[in-house]
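Please treat every number below as a calculation from the coordinates, not as lab data. None of the values given here were measured: they were computed from a predicted structure. Glycine also receives a Cβ, built like all others from the backbone with ideal geometry; neighbour counts cover every protein chain displayed.
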Amino acid sequence: MKKRIGKGLLSYRGHTFRRSLLLILMVTTIPTLLIAASSYYIGVSYIEREVERTHKLQLDYTVKQVSDALGHLQVGMNQWTLNPLMSDKLRGIDFKDNYAFSKDFFESLTVLNNSSALIDQVFVYLESPPRIISDSQGIHKLVDSGAKPYHELLTVKERLFWRVLQAPALEGLFVIHKLPVIGEPFGSIMARINEKQLLNLAGFDPSLGGTAFILSREGALMSRDLFSPAVLRMNEELVQEINGKQDKSASFRWSWDNELYIVSTATIPVTGWELVSAVPLSEFLKPILIVSRLIMAVGLVSLLFVLLSSWYASVRLVQPIHRLLRTLISPVGTDPLLVPKDEIQFIEEQWRNLSTESHLLQSRLENQHSSLRMGFLLQLVQGHLQLLREPEIRQRMEQYGWEPDGQQFVVIVVQLLGFYRLQGSFREDEQPLVTFAAVNIIEELTGSDNVSVMNLHDLSVGLFIMFPREASPAEVAERLKQMASEIGQSLHRILKMNTVIGLGQTVSAISRIPIVWAEVQQALRHRKLDVPNQIIDLNEPMGVHAESRYPFTLEQDLIHAMLSGLGEESRRLLGEFYLELKVQAELELVLQQGSLRLLGAMQGALMKSDVMQAGSLFDWGQLYAELLALKDSDEMQDWFVGRIMEPLIAELTHHQNDRARMLVERVVGMIRSEYRTDISLDLCADRLGISSSGLSKLFMQVTGVYFVDYLTKTRLDRAKELLIGSELKMQEIAVQIGYQPTYFNRIFKKMEGMTPKDFREHHKL
């Protein structure tokens, strides 16, 4: 039931007015003396307990706020250390020779300075050469003694930590993060905390008296008032009192300077600091004492005005309710308001609705962070949200700031090509940097709330586009082609890279986005190899291409050269193979299929070979995944050389060296056991089943001497032993070592510079 409210306030009498009048009458007729006595004798002790409990709760809430703020600051520091400007590029950098980098670097320091009210100043310490850098003071070089405190920070085990520094040129409380995030540190980011802002965040009210301060692990004390001797002395004595307590987390009462204080301490989880607050109890008890005595004094007089004051108070209470009702209903014109009979219930309902809307808006604001939006979008296109129904996905999108109702959706994938040919400008590990640059260029070109750009980190960029549902297919197709053309031209002009852009089909159901995304990814493999910048539109029919021929002969020649250990010949044949494959293949898909076929043929040949076990050298699953990710034929060719040919030929060479050593060792054994006979190189080669010339090369390669020279040296060494240690005649010694006597004399003199007879006589002396 509703009731109309006119302009006259006195003519309006609702439930609220009657209830408030009766309530005031009941309260004012309670014996005032009883109220005063109970409030004095009973209320004081109760209020003391409540003050102590409330003070502890307030302190815990304050600690949570401070901890959240410091935690956000730590998260910000972690994010900034992941900035490419804070990478290994800073190691030993000369800022004078890198103007563009220095400009971006100092701009980043300025942004970091302004990223949080808790940050007073941000410094960067670089160890080699030692220097301190800030956006306000520039670069300050450090001598050896001055750099020692900063160098010691790099030896701390944690990557991110808090410290109170008393170092030259820097003093105060710092949060420090070593650079880089992973690896041997070469410097650190040091953010000095604004202690005044930190204590403001702690919410200390100086009007209540007492004190509040933060005590660090190192014993450093941070207080709002550092210049008052009384406050400093109070803080120092309070610290001593706390240190003497076994349970430092419990609240306690502390008497100082004839004043009783409620002292509470709490630990800030993020830093391990102690937040200490001391509030004088008299400030809370003083109003109670005054009120109780005042009630006793005016109790009798107030009874005479109970009825009049009750009526007047009820009228005054109704007036703000009347204004609140008019504000909530927001009527048009001067007509009376039509409201429910129970005004309070109506206000509660309206308040709940406003509170619900406020929480919804707050949730949207918190979820507007770009990383969360992009994370959700990546999950959507990659099919990780398939368990969600269409309304649930749309609700999630609304929470992240999209307005999907009345929209149709398109996905675009931009694939960058030719990074391999830019190796002189970029390193292999800078692919994410190139992708990030492409994302920024595309965002500048699109610049619309209906276009969301996704960084896929593999030289590819995704776009999620929304068009009004009333837009015709022709309008959508024209806009998409225009956008794709601008993107391709800009990326080619700025990054010097070719592109292939896939345009997905237009859909009205968000749940179909993963299917369209997979279709676009598959369509990119149908790009033409001879066209530098292409646009593949799935809304148009795909052309039919002639079947390509695979170069089987070159494949067999290439595998044979590899298994034979012919490195140069293998590289030449690989180049001819890819040249022939590019002539036959028009599409990237065919090029990839041919490359995978070649890899499979190599795997099969190695597994059938008796030279080595294929699984002992290569992880074939990883090789197939790596090859499938390559887009350029030159890059594939170099990949085969580096990942297959060079390791294989090195392994074959090592295997051949072991075999040669074993053969030579067998020949040496034959020489030592059969040097008395007419042993020869041909005889040994026949026994081993190899050619004489091949055995000669192997023998020279392993021993460093020719077969004949080694055989001669072995026979002459034995002759020397017989000349010195026996009385055999020269003819007998010659026969013993396998020589004719005349040849023995001649070869001995040639090799030793004297005849066998002279050698014997010389050594007998």
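The stretch 68-96 and the stretch 704-765 have their alpha-carbon centroids 80 Å apart.
Starting from the Cα gyration tensor of the stretch 657-764, take the square roots of the eigenvalues, sort them a ≥ b ≥ c, and report rounded, prolate or oblate (rounded when a/c is under 1.5, otherwise prolate if a/b is larger than b/c, else oblate). Prolate.
Within the same chain, aspartates and glutamates fewer than 8 places from K720 are excluded, and of the rest, those with a Cα less than 17 Å from its Cα are D709, E732, E752, D758, E761.
With coordinates expressed along the principal axes, the C-alpha atoms belonging to the stretch 423-491 extend over 47, 19, 17 Å, beginning with the largest.
Amide H to amide H distances under 5 Å link I193 with D120, L173, F174, V175, where only residues 5 or more positions off or on other chains count and H is placed in the peptide plane. Amide H to amide H, with H built 1.01 Å from N, M454 comes under 5 Å of G462, L463, F464, counting only residues 5 or more places away or on other chains. State whether the stretch 115-190 is rounded, prolate or oblate according to the following rule on the C-alpha gyration tensor (a ≥ b ≥ c being the square roots of its eigenvalues): a/c under 1.5 gives rounded; otherwise a/b larger than b/c gives prolate, and the remaining case gives oblate. Verdict is rounded for the stretch 115-190. In order along the stretch 666-672, the Karplus-derived 3J(HN,Hα) couplings, from 6.51 cos²θ - 1.76 cosθ + 1.60 at θ = phi - 60°, round to 5, 5, 4, x, 4, 4, 5 Hz, and Gly and Pro are given as x. Peptide packing: for 568-574, 179-185, the average count of neighbouring Cβ atoms within 10 Å per residue gives the ranking 568-574, 179-185, highest mean first.
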